[in-house]
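Participant: Okay, handing you the structure first.
The values are calculated or read from the model by the stated rules, or taken from the named source; none is laboratory data. Quantities reported herein were computed from a predicted structural model and do not represent experimental measurements. A quick note on method: Cβ atoms are made from the backbone with ideal geometry, for glycine too, and the neighbour counts reach across all protein chains shown. The area values use the complete protein model at the heavy-atom level, side chains included, leaving out ligands, DNA and RNA. Shrake-Rupley method; radii C 1.70, N 1.55, O 1.52, S 1.80 Å.
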Amino acid sequence: MSQISLVIYQGLVLGAIYALMALAFTLVYGALRFLNLSLGALFTLGAYVAFVISGQLGLPAIAGIVGAFVLVGLAGVGVYQIAVRPLVGRPGWEIASIISTLGVGIVIQQLIQLVWGPRNQAMPEIVSGNLRVGDVLVIQYQRVAVVLVSLVVMTALWFFLTRSRHGLAIRAVAQNRDAAYLNGASVNRIFMLVMALGSGLAAVAGVLLSTVLISLNPTVGLSYALRGLVVTIFGGLGSITGTLAAAFIIGLFEAFVSVYLGEGWKLPALFLFLIVVLVIRPGGLAGVSAEERT
Amino acid sequence: MSGIGGRPVLEVAGLHSGYGETEVLRGVSLHVNPGETIVVLGPNGHGKTTLLRTISGLIRATAGDVAFGSRDTRGLAPDEIAGLGLIHVPQGDLLYGEMTVLENLKMGAYRAAAWAELGERLERVYLLFPRLRERQKQLARTLSGGERRMLSVGRGLMGNSALLMLDEPSLGLAPVVIDELYDRIGEIRASGLPILLVEESATRIEGLADRVYLLENGTIAREGAPADLLADPALLQTYLGIA
Amino acid sequence: MSAPTSRTSAMLDRVLIGLALAIAVLAPLVLHSAYWLRVLILICIFAIVNQAWNLIIGYAGIWSFAQLALFVMGGYTTALMSLNLGWSPWLGCIAGAVVATLASMVIGIPSLRLKGAYVFLLTLAFHEIFRNLFILDTDQRFGGQYGLQRFEKWNFGGEGSVEKLTRTYYVALALLIVASLVIWRIIHSPMGLAFRSLRDSEAYALSRGVPEYRFKLLVYAISAFITGFAGAFYAHYLGSISPTNLDFNILMTQMAMIVIGGWGTFFGPILGTIVVKLADEQLRDFEQLRTLIFGAAMVATVIFLPKGLVAPLAALKNRLAAAIDARRGDADPPAA
Amino acid sequence: MSDDLLECRSLTRRFGALAAVNDLSLSVRRGEIFGISGPNGAGKTTLFNLLSGHVRPTSGSIRFEGREIAGMASHRICHLGIARTFQLPLVFGSGTVAENAMVGAYFGKRPGVAGLTFGADAEARVDDALRMTGLSARRDVEAAQLPVFDKKRLMVASALATQPTILMLDEPVGGLNHREVDEFVALIRTLRETGLTIMLIEHVMRALMPLSDRVMIMHHGEKLAEGAPDEIRANPEVIRVYLGREAGAA
């Protein structure tokens, strides 16, 4: 019983972080139809920006999160202009953009290492203290804060996408590019907005994760980008509701594996899970099957 | 009414365009005067959709001119052309299926100037298509064919429309529904908004069109009043290959 | 049934290939250094892997990123055979190739119905699973993080390290040549036609009778066989194999080779391997910048040279051929 | 009845709520040119996709030479002797003209695995197909570089190389100029003289009517009319659908 509560607690925290990361992938894929593999490095960059703002400059945690969102969002626009825009629409651009964003990701990761060094840095906590529940479960306020921040960001995103003019346009471009053009939306500008938003979300995910891990290093983004991708695929590329459900399912799954099988089995189990999903339901939770897509 | 003395709202001259190396339009010229409703007739595959897509900027013209009011629109992006008030309601509706009816309509008013009058425009469209108000919370993909078409036209009317281009509004609809839709188009016409409409079927153009063009194999084969054109043997030849 | 080339251009091809082979054969005699021989041996091995990778990714258009996993699997297979059963290295190479081929079916079958980005993710997932399984190997059957060591190394005779390495290099070079000839033959056979037509348009190829799944599995198998063999050869060259061979940086360097050389072209992967490996050696002292430069070079190539370094070189060759033709035309008066 | 080469019974294909092809029955006789036309969205291309195995039917049957082929994979349908072209010029772009024809010549009738060489038979089929379509001089040109007219002829050439019993042409003359249309019509006539059965979707009536032995007009996924071209021209339903008035009113 208490083991189960541990799984649920850890799963919720992981799910909250994965949801942001996967939303970053899915927003970009939804609008532009390509996998932005620079998001792993931008995730790390976000954590470092928050580390500088909150850890080194001593500003409040909220400033670190907002700063990471804004600055990394701008960096995402840069990635778009440099590595994506020249390729859009070229034959075979889907693979070309995977390679170019991966390349940009490597460059960003190396730059982080040049600036901050390869060693672990200590991330300050958002809130300290904890609450003991029963004999196994210790709820850290830090982790509660992580879940709350993630929920706030997701709620804000939901309002943005359903209520605001540009948010509607993002969804419109994802669903029908020609129609969005004919309604007067500049598709190129929407692409930039999507890249900024996606990168900003990845950055916030990076900040939240590093406060849970309490340490960060330049390569942390890679394995979390892969997990974000697993969530994204499971949820159905481009589907926002599917992605949210998938994030928490996978967070719980990962917590379950680490509690019952051991830490080391998390990733292999996750990828095995991905393979099973791709074979059984190629379109993910919310997607349609491959045949229906034609 | 037919705009004698007034400048045409839209003037297309010697337009060439196509997909890749496939040339679909081979020198199309036509014009729409203020307040006019123009129908371009022609069988499938002769360039009607390409004509509208070229005018709205979705396809780049390879030669020729398009003037909208006093603006030369060649080289402008589709969003800029839409911003000028040249509204294209595309074939097959191109709705945002996973968005609600209301959200679809709001997207029609995406440009800042239109967005500022969102409420009034919404009322106007709901007045024209009361069904859309009933369905406003529904996802667009759950609508019936006729409702989809109304939403598509309604979404177009949400913009700064100075000219409405309709691509085969009757496509795939049952006759009763087409009748209803054409009544609405008649109301739009009566409001004074110029319309450029393309259709494959000549069924409903009498009484609606001020002038008709016959588009055959990428060129304008005939132009005239609806009654004259419908009586023209050229029409039968174009459609049924009777020599 | 290859693309049209003028006679002069074809002649230039032969001259250039001959020249490249001569350089490859003479290189050890000129360099005469253990360090450079080691570099050359690795170039040969990685060029084989990249040729095989290019067959599936470039010619068949299947974005399989499980290539290094298959390579390492070939290495582990022969290492286990050697350590536990005392098999000879060559027998181990065959076993490695066979095991990699079987593994490629495990990857290939689930990916048959997937397209594009999904194939990339599925195969990358396999890569990560293998990497983690080797690392997590708790009962040490695969040597855990440190991998398997101290099994038989290649011995092709010779005295002293330079001569020993020279002989190993010639064997590796011979393997590269054989692998390239095999791949050349495949590309120019009905199989190659099936791979390319499926890549360009599945609907077209299907409607002309090409059985899609059969050929997709075939290209997985051929590519994996060659790669597994190369992995086993590599393991016996080092006398060790470990999960570090699956590190992300290595996957990236390998990818940089094929991207910079030019994927979907026959000579691109070889050229890319040479260029990237030599640059890698030159930048040895700048550990951090090295990866950064490869990342940036990969982006720049994709954007400015979509067909890789091979494209401008081929253009240069064609210009040269045209110039030769023109001069010849001046020399010989026209027949008419 | 023994003349019926291809027979569809109650063929239906739905996409969501839309029935693109609805309860359609038709039969194509050996050696004829069977023309198909109809307004935009009538379901003509979906019908071809069903016959060539690119789309599975929701229900109904397709019999070819007495054998049920509904739902069969495309490449197997090709092996049985049905070859098609596509509405938009679809070729194997990076291959040469000869390589495009070779795909059909080599794989078109081969259910087994591939060998290492192409063989003289296949080479001969390529030569024949290119000669017949007038592409012999362009055999070494990369297909992606061809103008539309040549791409459309190349689709026919690679289909012919499979030695089909039925050739299905989807809008072969759409997008062509008058001279090219005439050339294509002449090509189709020549093909028919070799005994090939042809199904032809076309909107350019100038091409369709003189070529076809029988014409079927589709509307909303259903058969609106079927008969000799003259009967179709006089059919009041057809005229009403296209022109919205009675036949005599002209």
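Participant: Do any helices (runs of 4 or more DSSP H) entirely within segment A:137-185 hold 2 or more residues that are under 24 Å from A:Ser210 (Cα atoms) and under 17 Å from the mean Cα position of the chain (by Cα), and if so, which?
Facilitator: By residue number, A:141-163.
Participant: Same structure again: Can you find even one residue in segment D:40-57 that is open to solvent by less than 30 Å² (accessible area, probe 1.4 Å), in contact (Cβ under 8 Å) with a residue 12 or more places away in the chain and part of a strand (DSSP E or B)?
Facilitator: Within segment D:40-57 (the criterion being open to solvent by less than 30 Å² (accessible area, probe 1.4 Å), in contact (Cβ under 8 Å) with a residue 12 or more places away in the chain and part of a strand (DSSP E or B)), the answer is no, since none of the residues qualifies.
Participant: Now a separate question. Look at segment D:89-130 and say how many of its residues are more than 7 Å from every other protein chain (Cβ to nearest Cβ), open to solvent by 10 Å² or more (accessible area, probe 1.4 Å) and within 11 Å of D:Leu154 (Cα to Cα).
Facilitator: The qualifying residues number 1.
Participant: Which residues, counting only those in segment C:284-332, are free of Cβ contacts under 8 Å to residues at least 40 places away in the same chain, open to solvent by less than 60 Å² (accessible area, probe 1.4 Å) and basic (Lys, Arg)?
Facilitator: Matches in segment C:284-332: C:Arg290 only.
Participant: Can you tell me which residues in segment A:99-116 are out of contact with any Gly (no Cβ under 9 Å at 6 or more places or on another chain), open to solvent by 20 Å² or more (accessible area, probe 1.4 Å) and within 8 Å of chain C (Cβ to nearest Cβ)?
Facilitator: Correct list: A:Leu111, A:Gln113, A:Leu114.
Participant: Now for a separate question. Out of the residues in segment B:93-110 that are assigned to a helix (DSSP H, G or I) and touching a residue at least 40 places away in the same chain (Cβ under 8 Å), which is farthest from the other protein chains (Cβ to nearest Cβ)?
Facilitator: So the first thing to find is which residues in segment B:93-110 are assigned to a helix (DSSP H, G or I), and the list is B:101-108.
Among the residues that remain, those that are also touching a residue at least 40 places away in the same chain (Cβ under 8 Å) are: B:101, B:104-108.
Working: B:Val101: 13, B:Asn104: 8, B:Leu105: 10, B:Lys106: 6, B:Met107: 5, B:Gly108: 6 Å.
Per the criteria, the residue is B:Val101.
Participant: Which is of a type in the set (A, V, I, L, M, F, W, C) and over 30 Å from A:Gly242 (Cα atoms), of A:Ile139, A:Ile106, A:Ile126, A:Ile112?
Facilitator: A:Ile112
Participant: What's the total number of residues in segment C:214-228 that are within 9 Å of chain D (Cβ to nearest Cβ) and either in contact (Cβ under 8 Å) with a residue 12 or more places away in the chain or farther than 24 Å from C:Ala103 by Cα (or both)? Explain how you work it out, then say what you get.
Facilitator: Taking segment C:214-228 first, the residues within 9 Å of chain D (Cβ to nearest Cβ) are C:214-215, C:218.
Among the residues that remain, those that are also either in contact (Cβ under 8 Å) with a residue 12 or more places away in the chain or farther than 24 Å from C:Ala103 by Cα (or both) are: C:215, C:218.
The number of residues fulfilling the criteria is 2.
Participant: To continue, here is another question. Looking at (1) free of Cβ contacts under 8 Å to residues at least 40 places away in the same chain; (2) more than 12 Å from every other protein chain (Cβ to nearest Cβ); (3) outside any loop (DSSP other than H, G, I, E, B), which is the only condition A:Ala96 fails?
Facilitator: (2)
Participant: Taking the residues in segment A:156-196 that are among the aliphatic types (A, V, I, L, M), open to solvent by less than 20 Å² (accessible area, probe 1.4 Å) and facing chain B (nearest Cβ under 9 Å) as candidates, determine which candidate is farthest from A:Leu229 (Cα to Cα).
Facilitator: Here the answer is A:Leu182.
Participant: Just one of the numbered conditions (1) more than 22 Å from C:Leu83 (Cα to Cα); (2) within 12 Å of the chain's Cα centre (by Cα); (3) crowded, with 21+ Cβ neighbours inside 10 Å is not true of C:Phe266; which one?
Facilitator: The failed condition is (3).
Participant: Follow-up. On the given criteria, is C:Arg141 over 27 Å from C:Leu271 (Cα atoms) and either modelled with pLDDT under 95 or surrounded by fewer than 17 Cβ atoms within 10 Å (Cβ to Cβ) (or both)?
Facilitator: So C:Arg141 fits the description; yes.
Participant: Another question, then. Those residues that are assigned to a loop (DSSP other than H, G, I, E, B) and touching a Pro at 6+ places or on another chain (Cβ under 8 Å), I need them from segment B:193-206; list them, please.
Facilitator: Hits for segment B:193-206 are B:Pro194, B:Glu200, B:Ser201, B:Ile205, B:Glu206.
Participant: Any residue in segment A:197-216 that is in contact (Cβ under 8 Å) with a residue 60 or more places away in the chain, open to solvent by 10 Å² or more (accessible area, probe 1.4 Å), in a helix (DSSP H, G or I) and not aliphatic (A, V, I, L, M)?
Facilitator: Scanning segment A:197-216 turns up no residue that is in contact (Cβ under 8 Å) with a residue 60 or more places away in the chain, open to solvent by 10 Å² or more (accessible area, probe 1.4 Å), in a helix (DSSP H, G or I) and not aliphatic (A, V, I, L, M).
Participant: Considering only residues that are closer than 25 Å to A:Leu151 by Cα and in contact with a Lys or Arg (Cβ under 8 Å, 6 or more places away or on another chain), which ones fall in segment A:166-190?
Facilitator: Across segment A:166-190, the qualifying residue is only A:Leu168.
Participant: Residues that are more than 14 Å from chain A (Cβ to nearest Cβ): list the helices (runs of 4 or more DSSP H) wholly contained in segment C:47-162 that include at least 3 such residues. Give the derivation first.
Facilitator: Working: elements: C:67-80, C:89-111, C:116-136.
It comes to C:67-80, C:89-111.
Participant: Give the residue that is most open to solvent (accessible area, probe 1.4 Å), with candidates limited to residues of segment A:226-247 that are farther than 18 Å from A:Phe34 by Cβ, within 13 Å of the chain's Cα centre (by Cα) and away from every other protein chain (no Cβ under 11 Å).
Facilitator: A:Leu244
Participant: Let me ask something additional. I'm checking my understanding of the structure. Among residues of segment B:46-65 that are within 14 Å of chain A (Cβ to nearest Cβ) and under 15 Å from B:Glu21 (Cβ atoms), which one is surrounded by the fewest Cβ atoms within 10 Å (Cβ to Cβ)?
Facilitator: B:Arg60
Participant: For D:Leu169, only one of the following conditions fails: (1) farther than 18 Å from B:Glu200 by Cα; (2) hydrophobic (A, V, I, L, M, F, W, C); (3) within 13 Å of chain B (Cβ to nearest Cβ); (4) open to solvent by less than 10 Å² (accessible area, probe 1.4 Å). What is its number?
Facilitator: Answer for D:Leu169: the failing condition is (3).
Participant: Hey, another quick one. Pull up segment B:222-234, narrow it to residues that are open to solvent by less than 50 Å² (accessible area, probe 1.4 Å) and without any contact (Cβ under 8 Å) to a residue 40 or more places away in the chain, then point me to the one that is nearest to the other protein chains (Cβ to nearest Cβ). Lay out the reasoning, then the answer.
Facilitator: Filtering segment B:222-234 down to residues open to solvent by less than 50 Å² (accessible area, probe 1.4 Å) leaves B:224-226, B:229-230, B:232, B:234.
Of the ones still in play, those that are also without any contact (Cβ under 8 Å) to a residue 40 or more places away in the chain are B:224-225, B:230, B:232, B:234.
Working: B:Gly224: 15, B:Ala225: 16, B:Leu230: 7, B:Asp232: 9, B:Ala234: 11 Å.
Top of the filtered list is B:Leu230.
Participant: Could you list, in sequence order, the residues of segment C:102-111 that are over 11 Å from A:Ile275 (Cα atoms), open to solvent by less than 20 Å² (accessible area, probe 1.4 Å) and of a type in the set (A, V, I, L, M)?
Facilitator: Of everything in segment C:102-111, just one residue is over 11 Å from A:Ile275 (Cα atoms), open to solvent by less than 20 Å² (accessible area, probe 1.4 Å) and of a type in the set (A, V, I, L, M), namely C:Ala103.
Participant: Looking only at segment D:193-206, decide whether some residue is touching a residue at least 12 places away in the same chain (Cβ under 8 Å), buried (at least 18 other Cβ atoms within 10 Å of the Cβ) and touching a His at 6+ places or on another chain (Cβ under 7 Å). Break it down stepwise before answering.
Facilitator: Step one: list which residues in segment D:193-206 are touching a residue at least 12 places away in the same chain (Cβ under 8 Å), which gives D:195-206.
Filter again for buried (at least 18 other Cβ atoms within 10 Å of the Cβ), leaving D:196-206.
With touching a His at 6+ places or on another chain (Cβ under 7 Å) added as a condition, the list becomes none.
For segment D:193-206, residues touching a residue at least 12 places away in the same chain (Cβ under 8 Å), buried (at least 18 other Cβ atoms within 10 Å of the Cβ) and touching a His at 6+ places or on another chain (Cβ under 7 Å): absent.
Participant: Related question: Within segment A:80-93, which residues are facing chain C (nearest Cβ under 7 Å) and open to solvent by less than 10 Å² (accessible area, probe 1.4 Å)?
Facilitator: Answer for segment A:80-93, where residues must be facing chain C (nearest Cβ under 7 Å) and open to solvent by less than 10 Å² (accessible area, probe 1.4 Å): A:Ala83, A:Leu87.
Participant: Does C:Leu55 satisfy the condition of being within 14 Å of C:Ile226 (Cα to Cα) and either in the same structural domain as C:Gly143 (by TED's automatic domain parsing) or of a type in the set (A, V, I, L, M) (or both)?
Facilitator: Yes; evaluated as a whole, the condition is true for this residue.
Participant: Still on this structure: Going by the conditions given, is D:Arg76 surrounded by fewer than 18 Cβ atoms within 10 Å (Cβ to Cβ), at the interface with chain C (Cβ under 10 Å from one of its Cβ atoms), farther than 30 Å from B:Gly145 by Cβ and charged (D, E, K, R)?
Facilitator: When the stated conditions are applied, D:Arg76 passes them.
Participant: Another question about this same structure. Restrict the check to segment B:73-92 and report whether at least one residue is modelled with pLDDT under 90, within 14 Å of chain A (Cβ to nearest Cβ) and surrounded by fewer than 23 Cβ atoms within 10 Å (Cβ to Cβ).
Facilitator: yes
Participant: A further question on this structure: Take the conditions within 14 Å of another protein chain (Cβ to nearest Cβ), open to solvent by 10 Å² or more (accessible area, probe 1.4 Å) and outside any loop (DSSP other than H, G, I, E, B) and apply them to C:Arg185. Does it pass?
Facilitator: Taking the combined requirement at face value, the residue satisfies it.
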